[in-house]
Every structure is written in C-alpha cells, then in structure tokens.
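Nothing in this text is a laboratory measurement; each read-out follows from the coordinates by a stated rule. Being a predicted model, the structure only gives us computed values, none of them experimental. All Cβ positions, glycine included, derive from the backbone under ideal geometry; neighbour counts span all protein chains shown.
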Amino acid sequence: VFASTTHSVHLRNDLFFFKDYGDHRDLHYPLRRQRQMCIRDRLNAVAGGFLLSIVVKRAKQCLDFTVTARLIDLVCCCAVQGWPRTLGWWMTSVLSAAIMAVLGEWFCMRIELQEIPLRQIGDDL
C-alpha cells in the first residue's frame, strides 16, 4: 500500500528498473529542486496519513505503520543510491514521518469516535 517516496518500479522492455523521482543528493542542488522534493514528500505524508486510517483503522498502530513505511523507503534509497548522508534528507524524512503519523492518528481517532448505531427495542428487523 505504501510506496517508496523516492522511487517507483516501472516495467519496460520486460525488465524492471527504478525510475528516480529525486535523489537524496539533490538537497545540495538548486533551491527549486529542493522545494519540489519537500512538497512531494509532504503530499506523500498527507496521503499516507489518510491511507493509514483506511488500512490500519486504529490510532495506536499508526506510529508503527509509519515507521515501517519510512524504513522501507530508507532501504530502497540505500539499495539504489547508497546511504543518505545529507542532513536535509534526514530532516525531510523525519518531518514527513511525523506528519504522516499525526494525521493518521487524527483520521483514525475521528473514525473511532463516531457514534455506534444502536437499535431501539421494537425497531423493525
């Protein structure tokens, strides 16, 4: 359900390959590219928070699923581009994880706090 934030797998000529959507080393490059990467990560965090409410449905488990998704992202980054060594990448990842966890818990709490419909005695079955 949760895709890596920096890579996606595409099928081309019967071979799988990684299409790069942003190298962690790009945080050293022009400000416009940095902003695009940060906006993309924030939008992914918002979408991930919403998906947590659909998949997890429990506020207590949102942090676990968020950390798991971010660890999968880290493994994908390491496999393709090597260990991310920039402070900007780590700050972006931690902030995105925090946004995803908080929004996921908020969406889940809203679902959990909905009233449970109870039937009155004598209602039609």
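Note on segment 63-115: the C-alpha convex hull projects to 3.7 nm² when averaged across all orientations. Here is the list for segment 30-117: GluC sites (Glu not before Pro) lying in DSSP coil, each with at most 16 other C-beta atoms within 10 angstrom of its C-beta, are 115. Sparsely packed loop sites in segment 48-125 (the trypsin sites (Lys or Arg not before Pro) outside DSSP H, G, I, E and B with at most 10 other Cβ atoms within 10 Å) comprise 85, 119.
For residue 58, nonlocal amide neighbours, meaning residues 5 or more places apart or on other chains whose placed amide H falls under 5 Å from its own, do not occur.
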